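Below: the structure, in structure tokens.
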Amino acid sequence: MPKYMLIMRGTDESNAAMMANIEEMMATSRQFIEDMFKAGVLLAAEGLDDPGQSVVVDFGGDAPVVTDGPYGETKELFGGYFMVDVASKQEAVEWARRVPAAPGAKVEVRRVAGDDETPQDTQDSVAERRA
Amino acid sequence: MGTADVEAVWRIESARIVAALARFTGDFGLAEDAAQEAVAEALVSWPADPPANPAGWLMTTARRRAIDTIRRRAALQDRYVRLAAEPGIEVAVDDYDLDPDRIDDDVLALMFVSCHPVLSPEARVALTLRVVGGLSSEEIARAFLVPVPTVQARITRAKKTIAAAGVPFELPPAAERRERLGGVLSVLYVIFTEGSTATSGDRLLRPDVAYEAIRLARTLAALQADEPEVHGLLALCELTAARFPARTGPDGSPILLADQDRRRWDFSAIRRGLTALTRASTRGLGPYGLQAAIAAAHASAPSVEATDWDRIVLLYEALGRVAPSPVVELNRAVAVAMATGPEQGLAIVDELVAADRLPGSHLLPAVRGELLARLGRHPEARAELELAARLCANQRERSVLLDKAAAL
């Protein structure tokens with residue numbers, strides 16, 4: 001079945017708003033994770049540490065260049081993810097709507113690439129998808 | 001919002017809504033009807049007027065429909081009078097939704113009621129997928145290759161049976177709990193096997209059907225975390241499904257374990273299966289746990305040759321003692337053939353034939369044909385494989401058997 005990654009993309013403002021309410025945010029997140037777990041859809045979830053601690057390896061030149069810190073120009077930073085195993089894209093989106101996120105943050109819904117679809121398809125359903 | 005969006009919200013909310021209403025009204029059928037009315041209304045009104053909180057909208061609407069029904073019936077039947085007369089009727093349901101522990105018990109009760117022994121096996125499957133899984137009658141019909149009216153009739157009849165038998169909406173008493181849990185597990189396993197080896201039709205695998213079982217097993221494992229066999233079933237499903245990507249060729253034809261490209265196995269599913277198997281092992285493995293351990297032995301082997309067949313033989317022997325069945329014996333025969341040699345495997349198969357333990361099944365002649373072929377007894381092998389093909393209801397499997405016979 002399709003797997004989707006719900007990618008948390010926070011901004012400086014949303015991260016600050018989250019930190020201001022960290023206790024409440026953590027309680028809501030725990031409840032959200034538990035809801036997904038009990039619904040049988042949660043495969044994995046991780047939150048990333050302070051982006052200030054990150055290191056970027058840049059392949060722009062002949063050899064990789066290593067620099068400290070996140071990308072200078074990026075407005076939204078990948079802050080964590082939930083991996084869900086759901087029946088449809090719409091269901092992934094519905095879970096994404098429920099992600100506890102501070103104002104200004106975004107959640108991106110991305111399908112995980114996989115070969116879980118084609119092998120067992122009949123000719124008909126393949127044609128259906130092409131149509 | 002389109003139909004698919006409504007269905008997505010319903011998938012997530014259905015069990016909790018039906019469970020909450022069933023507990024509140026004490027009437028499973030009424031709860032299910034009210035919930036279905038709410039979905040039907042959502043399908044009409046959401047496309048033009050999407051609610052800000054779709055989950056809350058469904059719960060509120062379902063609750064209103066339930067209360068309408070109770071008030072309507074109160075005029076006709078004594079048993080609803082008390083419920084309808086309660087002044088705090090609407091508030092009571094509101095407060096009720098907020099208690100997560102109670103909802104967990106109610107979802108669990110919903111699973112037990114849907115799999116209740118007073119129901120026919122087909123009705124248990126349909127009801128579980130409908131009320132716990134949140135599938136529509138159309139989706140269930142597609143999953144089990146039966147007409148939609150058949151599914152609807154099964155569900156209607158099941159609700160009437162539950163009412164007629166006076167099945168209460170509650171968790172089974174402690175003394176019956178283990179046995180009733182076994183009933184729930186077997187319903188989930190029936191759903192899973194329909195997806196992992198379709199009994200009929202032109203497709204061998206229907207991963208969407210198997211997925212429903214896995215999802216329900218995960219829910220059950222979350223709600224009954226202290227029951228090892230629940231984890232055993234989950235492990236078995238995850239480990240079996242992990243092989244799906246390698247089990248069929250591009251044209252849908254089955255690929256046997258020996259010929260599968262193991263790099264295509266789903267390693268994250270294997271990891272989840274092994275984790276569940278560890279949880280299943282806390283008090284010794286039960287029948288599902290043993291089958292999962294067999295699947296794990298395959299999942300951890302780099303090739304057929306490098307598989308620990310001795311361990312698999314031991315596990316089949318153990319399984320044959322706790323859950324004796326001719327199919328287990330047949331699988332043991334295959335494992336013995338791999339561990340020791342085709343002759344020893346054939347001896348077990350011949351005992352099954354002599355005792356007529358698997359009449360009408362294509363599995364017995366299929367295995368017998370395979371073992372005879374490995375012993376070089378080609379004419380006998382061909383006859384057995386052709387017999388197996390005649391008995392097999394799955395078109396994909398049938399053509400593999402015929403190809404094998406023709407190649408001898």
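The values are calculated or read from the model by the stated rules, or taken from the named source; none is laboratory data. Note that this is a predicted model, so its numbers are computed, not measured. So basically every Cβ, Gly included, is an ideal-geometry build from the backbone, and we count neighbours across all protein chains shown. Calculation scope for accessible area: heavy atoms of the full protein, side chains included, ligands and nucleic acids excluded. Shrake-Rupley method; radii C 1.70, N 1.55, O 1.52, S 1.80 Å.
Among the residues of segment B:275-292, those that are over 19 Å from the mean Cα position of the chain (by Cα) and either part of a helix (DSSP H, G or I) or within 14 Å of chain A (Cβ to nearest Cβ) (or both) comprise B:T275, B:T278, B:R279.
For residues in segment A:40-89 being β-branched (V, I, T) and more than 30 Å from B:L129 (Cα to Cα), which is least open to solvent (accessible area, probe 1.4 Å)?
So, considering only residues that are β-branched (V, I, T) and more than 30 Å from B:L129 (Cα to Cα), the one least open to solvent (accessible area, probe 1.4 Å) is A:V56.
If the condition is being acidic (D, E), within 14 Å of chain A (Cβ to nearest Cβ) and assigned to a loop (DSSP other than H, G, I, E, B), then segment B:156-213 contributes only B:D202. Scanning segment B:387-408 for residues that are part of a helix (DSSP H, G or I), within 26 Å of B:V328 (Cβ to Cβ) and open to solvent by 30 Å² or more (accessible area, probe 1.4 Å) returns B:L387, B:R390, B:L391, B:R396, B:E397, B:R398, B:V400, B:K404.
Per-residue answers, yes or no, for (1) of a type in the set (G, A, S); (2) at pLDDT 95 or above:
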residue	(1), (2)
B:A153	yes, yes
B:A158	yes, yes
B:I162	no, yes
B:L185	no, yes
B:T199	no, no
B:R203	no, no
B:R206	no, no
B:V209	no, no
B:R215	no, yes
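Could you please find all residues in segment A:6-34 being surrounded by fewer than 17 Cβ atoms within 10 Å (Cβ to Cβ) and either in a strand (DSSP E or B) or of a type in the set (D, E) (or both)?
Restricting attention to segment A:6-34, the residues satisfying the condition of being surrounded by fewer than 17 Cβ atoms within 10 Å (Cβ to Cβ) are A:12-13, A:16, A:19-28, A:30-31, A:33-34.
Answer for segment A:6-34, where residues must be surrounded by fewer than 17 Cβ atoms within 10 Å (Cβ to Cβ) and either in a strand (DSSP E or B) or of a type in the set (D, E) (or both): A:D12, A:E13, A:E23, A:E24, A:E34.
Within segment B:339-352, the residues that satisfy the criterion of being open to solvent by less than 70 Å² (accessible area, probe 1.4 Å) and either outside any helix (DSSP H, G or I) or of a type in the set (A, V, I, L, M) (or both) are B:A339, B:G341, B:L346, B:A347, B:I348, B:V349, B:L352. The set of residues from segment B:217-235 being under 13 Å from the mean Cα position of the chain (by Cα) and under 14 Å from B:A109 (Cα atoms) comprises B:T219, B:L220. Among the residues of segment A:74-85, is any closer than 26 Å to B:P54 by Cα, modelled with pLDDT under 95 and away from chain B (no Cβ under 14 Å)? Yes, segment A:74-85 contains a residue that is closer than 26 Å to B:P54 by Cα, modelled with pLDDT under 95 and away from chain B (no Cβ under 14 Å). Looking at this structure, is B:V230 within 14 Å of chain A (Cβ to nearest Cβ), of a type in the set (V, I, T) and assigned to a helix (DSSP H, G or I)? Yes, satisfied.
Hey, can you tell me all the residues within segment B:259-273 that are surrounded by 18 or more Cβ atoms within 10 Å (Cβ to Cβ) and either more than 14 Å from every other protein chain (Cβ to nearest Cβ) or part of a helix (DSSP H, G or I) (or both)? Hits for segment B:259-273 are B:A269, B:I270, B:R272, B:G273.
For B:G345, the conditions (1) more than 22 Å from B:V304 (Cα to Cα); (2) touching a helix residue (DSSP H, G or I) at 6+ places or on another chain (Cβ under 8 Å) are fulfilled apart from (1). Checking each residue in segment B:281-302 for being farther than 16 Å from B:A242 by Cβ and open to solvent by less than 30 Å² (accessible area, probe 1.4 Å) picks out B:G286, B:G289, B:L290.
Of the candidates B:T197, B:T156, B:T219, the single residue that is open to solvent by 30 Å² or more (accessible area, probe 1.4 Å) and closer than 29 Å to A:M1 by Cα is B:T197. The set of residues in segment B:237-258 that are assigned to a helix (DSSP H, G or I) and open to solvent by 10 Å² or more (accessible area, probe 1.4 Å) comprises B:T240, B:A241, B:F244, B:P245, B:R247, B:L257, B:A258. Within this structure, B:P324 fails the test of being in contact (Cβ under 8 Å) with a residue 12 or more places away in the chain, of a type outside the set (A, V, I, L, M, F, W, C), surrounded by fewer than 16 Cβ atoms within 10 Å (Cβ to Cβ) and out of contact with any Asp or Glu (no Cβ under 7 Å at 6 or more places or on another chain). Among the residues of segment A:35-49, the one identified as more than 19 Å from A:A87 (Cα to Cα) and out of contact with any strand residue (DSSP E or B) (no Cβ under 9 Å at 6 or more places or on another chain) is A:D49.
Screening A:A105 on (1) touching a Ser or Thr at 6+ places or on another chain (Cβ under 8 Å); (2) at pLDDT 90 or above; (3) at the interface with chain B (Cβ under 8 Å from one of its Cβ atoms) shows it passes everything except condition (3). Restricting segment B:44-56 to residues that are part of a helix (DSSP H, G or I) and at pLDDT 95 or above, the residue that is most open to solvent (accessible area, probe 1.4 Å) is B:V44. When every residue of segment B:187-201 is checked against the conditions, at least one turns out to be among the aromatic types (F, W, Y) and under 18 Å from B:L290 (Cα atoms).
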